[in-house]
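Undergrad: Here it is, the structure in full.
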Amino acid sequence: MNFIHFIVPWLQMTELTLCIESPELKSRLRAAALLMQASVHELSLIDLLGKRSLPAHWLLVDQGLEQLGDLIEHFKAQGRKPETQIIRFIEKPWQEYVYHDIPIFASIVHPANPLAAVHVLEKLIRTKPFRSGKKPLPNSNLGPYSDEFVRSQPMRHAVSQLQRLKQLPIDTVLLGPTGAGKDTAARWLHAHSGVKGEFVHVNCAALPEQLFEAEVFGVMAGAFTGAQKDRPGKLELAHNGTLYLDEIDSLPLSCQAKLLNALQYRGAIRLGGHVFYNSVFRVIASTKTKLETLVEQNRFREDLHFRLSVSQVRIPALAERLEDIIPLYCHFLNDVAAQFKLEVPKLDLEDTDELLSRPWPGNVRELHAFAQRHVMGLGEPCTVPGSEAPAGLKQRLLAFEKAVLIQTLHAHRGCARLASESLGIPLHSLYYRMKRFDLLEKNGNHSDDKATQCS
Ligand SMILES: Nc1ncnc2c1ncn2[C@@H]1O[C@H](COP(=O)(O)OP(=O)(O)OP(=O)(O)O)[C@@H](O)[C@H]1O
């Protein structure tokens, strides 16, 4: 009730026109208007088309884009620029991302109750300009769990668990399919944990069994041929920080026993050494398969599973996160376009349908790659209206060459020397082409220093 008392005096001055077909939505909005004590008119689309100018400052509609287009054309034909702000109610969140030429001030997903309607209207009207129909979201600083793209229930649940766990120094297992965002979650937990130490990544799938002890526990000089210097292990490096055991489901049983001891006693003895060292760290482990299942199949030690699984968070597959797909995709389109100073492609309903109907076996990683290809115009992921291929063969070849350069530079993190080697062209020739396509600034430092660092 406090909320209503607070906003009512301000909203009393608001004039709303409802042009709403859905009876249910109409009654909710009427109730909302009553709560707001706003001045309300109700008009059908036909009534509106019969008028010479739009009637109120705020026009609330639930019409399709076609009818809205007719409406706008009608007022344009009258020689008047409609000054009314249109708020469109939509059924599904992703419809908001369909860009069009209709000047819609904002889109709201059907509010569930009158109070919610008051809340969204108040917020929108106050924060003008909230979102234009054409411009994608400015999102360069959004964290991975921004409300903008955590809309689905399974992901919201995962994020709320991560929020709870972030400052609890307990070991955590992240479960999820490839590319779903386990690494992202682990880094986020570390970054928000408030600890001073490092985030130390151990890729258990890529670690040969024979090197496990040397890598994880460290080595003393002379421990084996080639061990010329003392080298700290990952366990030591993670002191006061986080030890991230990526793909722990791939760790051989023999290594699991050694790891269990080290986790139990929070320390180890370097290979070839005699002194036990202690290390304080939090363990985060990621797995694609449930550890319980691996235990049942005798592929994972039960005691290690119990040791690690103090808490568990499941990062859902993208296919379970339908509501997140379009906002995430728009975020990636923006980011990639900003990174390479390219145009942000438009999306239409067909694109969104395609994005929502794909199975996404590679999850967020695949969606990201899809957005990269889309921005660079490589292998059209969706039909993009208004982005026809360049007319002549020469232009097409040039566009292709530019896209290949951008992709290669990106793959080598902007290192010109590695990119030139990968493309099989001399460095000076790569610089010449980068200059020609105005790519020199876009990829940051391409100095020889940088090139040397990349070796
Ligand atoms: N919430 C998110 N917001 C933005 N980008 C994300 C998000 N989740 C994942 N990504 C991106 O998706 C890609 C894959 O994510 P990540 O490496 O975290 O997945 P993973 O589950 O650890 O994959 P794998 O099991 O194959 O190692 C990365 O490029 C990451 O930046």
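Undergrad: Has the stretch 290-308 got any residue that is open to solvent by less than 50 Å² (accessible area, probe 1.4 Å), among the hydroxyl-bearing types (S, T, Y) and within 21 Å of E215 (Cα to Cα)?
TA: Looking through the stretch 290-308, none of the residues is open to solvent by less than 50 Å² (accessible area, probe 1.4 Å), among the hydroxyl-bearing types (S, T, Y) and within 21 Å of E215 (Cα to Cα).
Undergrad: Working only within the stretch 167-187, note down all residues that are assigned to a loop (DSSP other than H, G, I, E, B), near the ligand (Cβ under 9 Å from one of its atoms) and within 19 Å of L243 (Cα to Cα).
TA: Selection gives G176, G181.
Undergrad: Pull up the stretch 309-331, narrow it to residues that are within 16 Å of the ligand (Cβ to nearest atom) and small (G, A, S), then point me to the one that is surrounded by the fewest Cβ atoms within 10 Å (Cβ to Cβ).
TA: Quick first cut of the stretch 309-331, residues within 16 Å of the ligand (Cβ to nearest atom) only: 312-331.
Those left that are additionally small (G, A, S): 317, 319.
Numbers: A317: 18, A319: 14.
My answer is A319.
Undergrad: Please verify whether the stretch 279-293 includes one or more residues that are assigned to a loop (DSSP other than H, G, I, E, B), of a type in the set (A, V, I, L, M, F, W, C), free of Cβ contacts under 8 Å to residues at least 24 places away in the same chain and away from the ligand (no atom under 14 Å from the Cβ).
TA: no
Undergrad: Related question: Would you confirm, using the coordinates I've provided, whether G233 is free of Cβ contacts under 8 Å to residues at least 40 places away in the same chain and open to solvent by less than 40 Å² (accessible area, probe 1.4 Å)?
TA: Criteria met by G233.
Undergrad: Quick one: count up the residues across the stretch 169-181 that are under 17 Å from R266 (Cα atoms) and open to solvent by 50 Å² or more (accessible area, probe 1.4 Å).
TA: 2
Undergrad: Regarding the stretch 213-228, can at least one residue be identified that is among the hydroxyl-bearing types (S, T, Y) and open to solvent by 30 Å² or more (accessible area, probe 1.4 Å)? First the steps, then the outcome.
TA: Step one: filter the stretch 213-228 for residues among the hydroxyl-bearing types (S, T, Y), giving 225.
Right, trim to open to solvent by 30 Å² or more (accessible area, probe 1.4 Å) and you get 225.
Scanning the stretch 213-228 turns up at least one residue that is among the hydroxyl-bearing types (S, T, Y) and open to solvent by 30 Å² or more (accessible area, probe 1.4 Å).
Undergrad: Could you grab me the full set of residues in the stretch 9-26 that are open to solvent by 20 Å² or more (accessible area, probe 1.4 Å) and at pLDDT below 80?
TA: P9, W10, Q12, M13, E15
Undergrad: Only one of (1) in contact with a Pro (Cβ under 6 Å, 6 or more places away or on another chain); (2) open to solvent by 70 Å² or more (accessible area, probe 1.4 Å) is not met by T184, so which one is it?
TA: Against the list (1) in contact with a Pro (Cβ under 6 Å, 6 or more places away or on another chain); (2) open to solvent by 70 Å² or more (accessible area, probe 1.4 Å), T184 comes up short only on (2).
Undergrad: So, in the stretch 332-360, of the ones that are within 30 Å of L162 (Cα to Cα) and touching a Ser or Thr at 6+ places or on another chain (Cβ under 8 Å), which residue ends up farthest from the ligand (Cβ to nearest atom)?
TA: A338
Undergrad: To continue, here is another question. Tally up the residues in the stretch 218-261 that are within 34 Å of the chain's Cα centre (by Cα), closer than 18 Å to E302 by Cβ and among the small types (G, A, S), please.
TA: Here the count works out to 1.
Undergrad: Same structure again: Which residues, taken from the stretch 192-212, are more than 15 Å from F281 (Cα to Cα) and out of contact with any helix residue (DSSP H, G or I) (no Cβ under 8 Å at 6 or more places or on another chain)? Please lay out each step first, then the result.
TA: Of the stretch 192-212, the ones more than 15 Å from F281 (Cα to Cα) are 203-212.
N203, A206, P208, Q210, L211 - these are the residues of the stretch 192-212 that are more than 15 Å from F281 (Cα to Cα) and out of contact with any helix residue (DSSP H, G or I) (no Cβ under 8 Å at 6 or more places or on another chain).
Undergrad: Now a separate question. With the structure loaded, tell me whether R164 is surrounded by fewer than 18 Cβ atoms within 10 Å (Cβ to Cβ), away from the ligand (no atom under 12 Å from the Cβ), in the same structural domain as F300 (by TED's automatic domain parsing) and in a helix (DSSP H, G or I) or whether it fails that test.
TA: yes
Undergrad: Shifting gears a bit: For residues that are open to solvent by 70 Å² or more (accessible area, probe 1.4 Å) and touching a residue at least 40 places away in the same chain (Cβ under 8 Å), scanning just the stretch 188-205, find the one that is nearest to the ligand (Cβ to nearest atom).
TA: Per the criteria, the residue is E198.
The values are calculated or read from the model by the stated rules, or taken from the named source; none is laboratory data. Just so you know, these numbers come straight off a predicted model, no measurement behind them. Methodologically, a virtual Cβ is constructed for each residue, glycine included, from the backbone with ideal geometry; neighbour enumeration extends over all protein chains shown. With ligands, DNA and RNA removed, areas are computed over all heavy atoms of the protein, side chains included. Shrake-Rupley method; radii C 1.70, N 1.55, O 1.52, S 1.80 Å.
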